[in-house]
There are 2 protein chains.
Amino acid sequence: MLAVFGHTNPDTDAITSALVYASFLSRQGVQAQAYRLGELNFETAFVLRELGVDAPEMLPELPAGTAVALVDHNESAQSAPNITELTVTRVVDHHKLGDLITAQPPYLRFEPVGCAGTILLKLHREANLGVEPREAKLMLSAILSDTLHFRSPTTTPDDRDAVAFLAPIAGVEDVEAYALAMFAAKSDLGDTPAAQIFRMDYKEFPFGDPAHPDAVQHWGLGVVETTNPAYVFGRKAELLAAMDEARAENNLNGVLLSVVDILNETNRTLILSATEEKVVREVFGAETVDGVADLGNRISRKKQIVPALEKHFMPQA
Amino acid sequence: MLAVFGHTNPDTDAITSALVYASFLSRQGVQAQAYRLGELNFETAFVLRELGVDAPEMLPELPAGTAVALVDHNESAQSAPNITELTVTRVVDHHKLGDLITAQPPYLRFEPVGCAGTILLKLHREANLGVEPREAKLMLSAILSDTLHFRSPTTTPDDRDAVAFLAPIAGVEDVEAYALAMFAAKSDLGDTPAAQIFRMDYKEFPFGDPAHPDAVQHWGLGVVETTNPAYVFGRKAELLAAMDEARAENNLNGVLLSVVDILNETNRTLILSATEEKVVREVFGAETVDGVADLGNRISRKKQIVPALEKHFMPQA
């Protein structure tokens with residue numbers, strides 16, 4: 001039984017793509033089961049509740065050598081704790097290729113599109129496999145989530161085509177209304193502890209030349225996508241305290257928490273200390289005022305934040 | 001213009017897959033040009049001569065940041081000299097994933113099949129692109145070459161399906177006769193210098209944990225696939241001298257040259273020194289007699305030699 005899972009601090013794409021890919025593989029004769037690497041966020045919980053679909057189980061600790069399939073991620077820092085001991089046989093992803101190495105030839109399907117769900121739809125169509133309404137709504141939800149319903153600069157024509165194909169199958173007549181309902185669910189943070197808000201869409205990245213491990217910097221990058229940024233900034237002090245703890249606990253060089261206003265397409269990022277302030281000034285030309293740096297319309301961590309930091313920390317050739 | 005190329009010391013798959021993928025991309029609206037990273041072997045020269053197709057040009061030195069597509073390889077040690085400064089946007093490959101890292105999300109298409117040509121045929125069929133006779137014969141030749149016409153344990157049902165699909169389009173009625181003609185051309189080494197024979201199908205691999213660069217071992221693994229092993233062993237002394245030079249020049253921990261008898265499906269490997277003798281005994285249980293170790297039916301470097309060495313040199317978890 002092949003274990004299929006997305007990244008830690010899972011978002012909607014990480015959860016739904018695990019479900020859809022496991023189902024796809026099973027239909028292709030490869031026994032597979034979806035798992036998750038963390039708690040659902042409020043948007044994903046809304047999507048699964050709407051569909052009456054159970055969340056995948058938490059991934060148990062797998063014995064070394066177990067075959068696994070990754071969706072929506074490939075870097076070890078975002079995967080199962082013992083991922084380097086597991087045998088990665090398949091990856092479906094739309095992120096940059098990180099530190100993944102395999103001992104045998106794998107199945108890899110990476111495309112620079114907005115969502116892993118978009119690639120999964122292609123796999124169905126290439127295999128001439130019909131798409132069930134349940135799978136269609138899972139993929140549709142992931143694409144709307146990852147692209148913020150086409151607001152994100154990560155959006156590609158393939159993502160738009162996929163939504164146009166999937167919406168009628170999923171029975172979603174008003175796609176924007178459904179997307180806004182998802183975003184409202186995501187933004188309804190209630191009394192969620194600040195540490196949990198910081199962790200909800202959080203990824204760690206090693207920056208610098210991996211051939212010189214001592215010079216590699218480790219950064220933790222959180223994002224809160226919300227239709228209600230005022231609520232998040234109302235909890236700024238708590239969030240900065242949570243970032244301070246995370247930086248110490250995980251031995252990080254820096255942490256950032258970007259508060260993305262979905263509807264206005266802006267990014268104002270919480271700045272913990274002079275370390276982050278200096279990097280954000282040098283990389284993005286943004287000054288920090290009262291613990292907040294205005295990063296303008298850089299609303300995509302993947303496309304606008306990570307590559308800029310990667311370039312900043314990479315030694316010049 | 002996207003530069004498309006296969007590995008150094010190119011074999012038939014490395015050359016034909018560069019030609020076919022560049023043509024495929026151009027038909028898809030991505031301007032692309034095929035290149036090679038070394039001289040053609042005698043088999044590949046035969047294939048191109050049969051078709052009246054010009055060999056791709058040698059890859060010029062590309063400026064840092066140039067976008068490139070890799071076929072039939074992904075490890076930096078087998079690629080363009082300045083590959084780590086280039087921007088890899090696409091890879092079509094059927095080998096284990098090595099040290100490739102990208103700054104942006106790439107197109108990756110890896111499958112554990114016998115030949116990159118098999119994957120390229122899938123790309124055509126998925127895109128509903130017709131296959132021209134010229135492209136069909138290029139892909140067919142690569143698959144017959146890489147799988148030794150299905151003799152290699154790397155052969156998969158997908159490779160067999162691809163050959164069955166391609167042969168009629170390519171106008172090849174007797175596939176085995178065509179494969180034997182290719183192998184005969186490959187085996188007709190004439191007065192080729194020993195150093196060139198050793199380099200003809202030669203790859204270097206780093207073995208061990210890349211997080212500890214000081215502990216990584218570098219090995220050079222050559223293969224001569226031939227229908228006439230007696231000829232090769234008749235030049236044993238010259239070949240051992242060439243291996244000795246290569247080991248010194250490239251700062252390698254060890255070198256092996258496997259002489260694969262295509263028709264009898266056996267591998268007898270030239271052993272240079274006690275270093276290689278010890279590793280081959282520990283990894284394959286094979287004793288060295290008179291400079292030659294009998295590795296039995298391990299005729300696939302990719303599937304039977306490299307993974308065993310990889311495991312041997314990897315620190316235990």
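Annotations for the structure displayed:
- Mean per-residue shielding of peptide A:85-98 is 3, counting Cβ atoms of other chains within 10 Å of each Cβ.
- Taking every DSSP beta bridge that has both ends in segment B:194-313, the antiparallel portion is near 70%.
- Distance from the C-alpha centroid of segment B:1-78 to that of segment A:215-246: 47 Å, rounded to the whole angstrom.
- Calculated [θ] (222 nm, deg cm²/dmol) that DSSP helices of n ≥ 4 give over chain A, each run adding -39,500 (n - 2.57): -11500 deg cm²/dmol
- Rg of the Cα atoms in segment A:1-58, relative to 2.2 N^0.38 Å, amounts to 1.06.
- Rounded to 10°, Cα long-axis angle of helix A:236-249 versus longest principal axis of chain A: 80
- A straight Cα-to-Cα reach below 24 Å connects B:Lys311 with the lysines B:Lys96, B:Lys203, B:Lys278, B:Lys302, B:Lys303, residues fewer than 8 places away in its own chain not being considered.
- Directionally averaged shadow of chain B, computed from the convex hull of its alpha-carbon atoms, nm²: 16.2
- Cα-centre dipole for segment A:2-186 with unit charges at Cβ (Lys and Arg positive, Asp and Glu negative), debye to 20: 280
- The protein assembly as shown: antiparallel DSSP beta bridges as a percent of all, rounded to 5: 40
- With R₀ fixed at 25 Å, the C-beta to C-beta distance from A:Asn82 to A:Val53 puts the FRET efficiency at about 0.35.
- Loop-located GluC sites (Glu not before Pro) in segment B:273-317 (DSSP state other than H, G, I, E, B) with a sparse environment of at most 13 neighbouring Cβ atoms within 10 Å: B:Glu287.
- Segment A:144-185 and segment A:255-300 have Cα centres spaced 27 Å apart.
- Cα-based helix-to-principal-axis angle, A:12-27 vs chain A, degrees rounded to 10: 20
- Note on segment A:86-218: dipole from Cβ charges, positive end direction compared against A:Ala181, A:Gly171, A:His212; the farthest Cα belongs to A:Gly171.
- Dipole of segment B:2-186 [Lys/Arg +1, Asp/Glu -1 at C-beta], most positive-end residue of B:Ala116, B:Ala67, B:Leu100: B:Ala67
- Using Cβ point charges alone (K and R +1, D and E -1), the dipole size of the protein assembly as shown about the Cα centre works out to roughly 540 debye.
- Relative to the Cα centre, the charge distribution of segment A:125-251, modelled as +1 at Lys and Arg Cβ and -1 at Asp and Glu Cβ, gives a dipole magnitude of about 200 debye.
- For segment A:2-186, convex hull volume per residue from C-alpha positions, Å³: 108
- For segment A:194-313, a Kirkwood hydrodynamic radius built from all Cα pairs, placed in the Stokes-Einstein relation at 20 °C and 1.002 mPa s, yields a translational diffusion coefficient of 150 µm²/s.
- Applying a DSSP loop filter and a limit of 10 other Cβ atoms within 10 Å to the GluC sites (Glu not before Pro) in segment A:66-173 leaves A:Glu173.
- Antiparallel %, DSSP beta bridges [both residues in chain A], to 5: 40
- Estimated inter-spin distance, B:Glu126 and B:Asn297, nm [label 7 Å along Cα→Cβ]: 3.3
None of the figures in this text is laboratory data; all of them are computed from the coordinates on show. Just so we're clear, the structure is a prediction, and the values are computed from it rather than from any experiment. Glycine also receives a Cβ, built like all others from the backbone with ideal geometry; neighbour counts cover every protein chain displayed.
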